[in-house]
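The values are calculated or read from the model by the stated rules, or taken from the named source; none is laboratory data. As the structure is a computational prediction, the values presented were derived from the model and not from experiment. Cβ: placed from backbone, ideal geometry, glycine included. Neighbour counts: every protein chain shown. Just so you know, the surface numbers come from the protein's heavy atoms only, side chains and all, with ligands and any DNA or RNA stripped out. Shrake-Rupley method; radii C 1.70, N 1.55, O 1.52, S 1.80 Å.
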Amino acid sequence: MGDWEWPLILFTVLGQIAIGIILMLWWLARNRNLNIQLFKRGVHVSGGLLLIALLASLFHLGHPEAAYRALAHLGSSWLSREILFFLLTFLAWIYLFRLSRQQTSSHTLGSGASIITTAETAAGGQPTSNLSLGLGITSLLGLLGIASSAMIYVLPRVPAWNNGGPVLFFLLTTGLLGALCTLVLGGNLLQTAQKKLLLQVSLGCTIFSLILSVIYGSMLSASMEGAASLNYHLSSPLFWVRALVSWLAPLLLLVIILKSPDLGKKNLILTVTLLVGLGEILGRALFYLSATGIQITALF
Amino acid sequence: MSKQLGFLHNSEKCVGCRGCEIACKNEYQIEATPQWRKVFQLHEDDFSLPTRMFFSMACNHCAHPECLRVCPVKAYTKREDGIVIHDPNRCIGCRLCTMACPYDRPQINPAKKKVEKCNLCYQRIDQGEKPACVTACIPGALELVEINDSLDQKTGILKTLPGLPSPKITSPSIRFIGPKQGKQIRRD
Ligand code: SF4
Ligand code: SF4
C-alpha cells in the first residue's frame, strides 16, 4: 500500500483546478461573451494555483534542486512529458497574464455595467481571437499535461492503475472543479445561461464520476492486487466521507441549485465547491494510499 | 544488444545462509536499509510436499526494464551485455522506478534521498571477475550466466517460481532450478 503523498495530491488537484478554470474560460469565450473581469480573475487565480502546484511537486523529489533534469527522457518517460507540458502551460499562462494586464475595465458592452464582452474591445483592444486563442492553447497544453500526469501511473505493475482509469479520473476532476471554481469566481459576472452551463457541466462530471467509479471498482476484483486496492477503499472511512462530500451531497445540491429560479445562492455554490474540493483531495489521497503493486510474495 | 547476462539460482543447492546478501553489502558498503540483494524463502505450501527452500534475488537486469522506461532523468542505461545500470549521480529521487519494478529492487537510500540497486558488479565483470554475490555463494547456488534459448531449453530451467511476479511484465534475466520434491534442507 502507498503513502500519504501530500506533494503529489496538491500538485495534481491544484494543477487540475487551474487548468479547469482556463478551460471553462475558453468555453465561455467561444461566444464572445466572456466577462473581462472574470477573465482577469480566472487568469490570476489559475496562475497562482499553477505556481503552488508546481512548487508542491518539488517537495516530492529527494533532490528538488536537480528537478530540471526531469525533462531528459521525453522518449519514454511520462514524467518527463508531464513536466514539459506543465512548463509549456505556464508559459502560455504568462501570455494570458499579459493580455489580462493590457485590459482595462472600461470595455463595457451589453445591457448592464457588469456585462462586458470580449468582442473587439477585449484584451486592450486586441482582437478577441487573441484572447480565445490564448485560452485555447493554454487549455490544450494543460490537458496534455494532465493526461501525461495520469499516464505516469499506468504501470503494468499496478493493476488498479494499468487502465484508462487514471486519465479519466484526472480529467473529470479538471472538469468538475474547473466548472465549480469558475462559478465561484464568476459570481454575478456570469450571465444566467453561463451559470446554467457551468452547473450542468458540474452535474454531468459528478454523475459520470460516480458511474465510472462503480464500473472501475467492479473491474478491480479481476486481479488480486486490484481487489486489495478495492478493499482498501471500501474499508477506509475516508472513502465514505469522499462518497458523501463529492458524490452524494453535490448531486443533491446541484439539482436543487439548477431547479431554483435564480440558480442558487452564492453561498450554496461555494459550499458545493468546498465539499467537492475536499472530496477530490480525499479521492486523490486514496488513489495513492490504495496502490497495490504486483510483488514478490515469498517469505523473507 | 548482443547478449544478455543474468543470474541462475539453484534452490536445490541454496541453504539460505544469506552470504550473497552480505557480500553485496560488504562490496558496496551499502547502508542499513537498502537491500540490493535479498534471500527469500519459498512458501512451503506452494509445493505438493512440504519443502523449505530459498531463492536469492537482486535486480534482474530485465530485457524490458520498467525502471528504465519510467525514469525521467535517464538514470538507467542498458549495456550491450544486457546489464541495467543505475547512475545515482543523475537520480533526483522521484521514486517512480521503485513503483514500476515488480521486484522492488531499486530502493531508496533514506540518507542520500536517491535510489540504489544492483549493477551486476559491472566493474568486476569488465575485469573478468565474477560478481561479489556469486563469488561468495559457498554451495555454488548462484551463478552468472548468459540468458539465451539454449539455456532455456535445458531440462529443469525455470523462468519463474511460485511467489514471483509474472515474468511477462519485464522479462527478467534470471533463471531458476527449482527444489526437487521430497528432499529437505531445514534451517530453523
Ligand atoms: S528488476 Fe526491476 S530494477 Fe532491475 S531491471 Fe528489472 S525492472 Fe529494472
Ligand atoms: S528515483 Fe531516480 S532512478 Fe528512480 S525514476 Fe526517479 S530519478 Fe530515476
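Can you pull the Rg over Rh of the stretch A:6-289, Cα-only, Kirkwood? Rg/Rh: 0.99.
In chain B, which longest range has no GluC sites (Glu not before Pro) that are both DSSP loop (not H, G, I, E or B) and surrounded by at most 16 other Cβ atoms within 10 Å?
On the way: sites that count: B:Glu12, B:Glu31, B:Glu80, B:Glu129.
No qualifying site falls inside B:130-188, the longest such stretch.
Look at the alpha carbon pairs under 8 Å that are at least 6 residues apart: their mean separation over the length of chain A gives a relative contact order of 24 percent.
Write down the accessible area per residue of chain A in Å², having rolled a 1.4 Å probe over the full set of protein chains. Don't jump to the answer; show the numbers that get you there.
Values: 12630 Å² over 300 residues.
Per-residue accessible area for chain A comes out at 42 Å².
So what is the 222 nm mean residue ellipticity for chain A from helices alone, if each DSSP H run of at least 4 adds -39500 (n - 2.57) and you divide by all residues, rounding to the nearest 500 deg cm²/dmol? Per the formula, -23500 deg cm²/dmol.
Regarding the protein assembly as shown, what's the average projected area of the Cα-atom convex hull, expressed in nm²? Intermediate results must be reported in sequence, preceding the final value.
Values: hull surface 104.6 nm².
Averaged projected area of the protein assembly as shown's Cα convex hull equals 26.1 nm².
Counting only heavy atoms of the protein chains, get the accessible area per residue of chain B (1.4 Å probe) and round it to a whole Å² value.
Details: 8450 Å² over 188 residues.
Heavy-atom SASA per residue in chain B reads 45 Å².
Across chain B, Cα pairs under 8 Å and at least six residues apart give a relative contact order of 35 percent.
Using only helices, what value at 222 nm comes out for chain B when you add -39,500 (n - 2.57) per DSSP H run of length 4 or more and divide by the total residues, to the nearest 500 deg cm²/dmol? Show your work: numbers first, answer last.
Working: 6 runs with 33 residues, N = 188.
When only DSSP H runs of four or more count, the value is -3500 deg cm²/dmol.
Computed over the alpha-carbon pairs of the stretch B:5-177, the distance histogram in 10 Å steps reads 10, 38, 39, 12, 1 percent, short to long.
Round to a whole number: what % of the accessible area of the protein assembly as shown belongs to carbon and sulfur, probe 1.4 Å?
Values: 13430 of 21090 Å².
Carbon and sulfur atoms account for 64 percent of the accessible area of the protein assembly as shown.
The mean sequence distance of close C-alpha pairs (under 8 Å, at least 6 residues apart), as a share of the length of the stretch A:155-246, puts its relative contact order at 32 percent. Here the stretch B:104-173 has an Rg and Dmax of 15.1, 45 Å, counting Cα atoms alone.
For the stretch A:259-300, a decrease in accessible area of 10 Å² or greater in the assembled protein chains relative to the isolated chain, with a 1.4 Å probe, applies to A:Ile294, A:Gln295, A:Ile296, A:Thr297, A:Ala298, A:Leu299, A:Phe300. Legend: residues in the stretch B:68-96 shielded by at least 30 square angstrom of accessible surface upon adding the remaining protein chains to the isolated chain (1.4 Å probe, heavy atoms) are B:Arg69, B:Pro72, B:Lys74, B:Arg90, B:Ile92, B:Cys94, B:Arg95, B:Leu96. Hydrodynamic estimate: the Kirkwood radius of the stretch A:14-54 over Cα pairs, inserted into Stokes-Einstein at 37 °C and 0.692 mPa s, corresponds to D of 324 µm²/s. Phi-derived couplings, Karplus 6.51 cos²θ - 1.76 cosθ + 1.60 at θ = phi - 60°, listed residue by residue for the stretch A:188-201: 6, 6, 8, 6, 4, 5, 5, 4, 4, 4, 5, 5, 5, 4 Hz, with x used for Gly and Pro.
Here the stretch A:170-259 is treated as an ellipsoid with the same Cα gyration tensor; its semi-axes, largest first and in whole Å, are 31, 12, 11.
Using a 1.4 angstrom probe on protein heavy atoms only, the contact between A and B buries about 2900 square angstrom of accessible area, both sides summed. Rounded to the nearest 20 debye, the dipole size of chain B about its Cα centre is 300 debye, using +1 on the Cβ of Lys and Arg and -1 on the Cβ of Asp and Glu.
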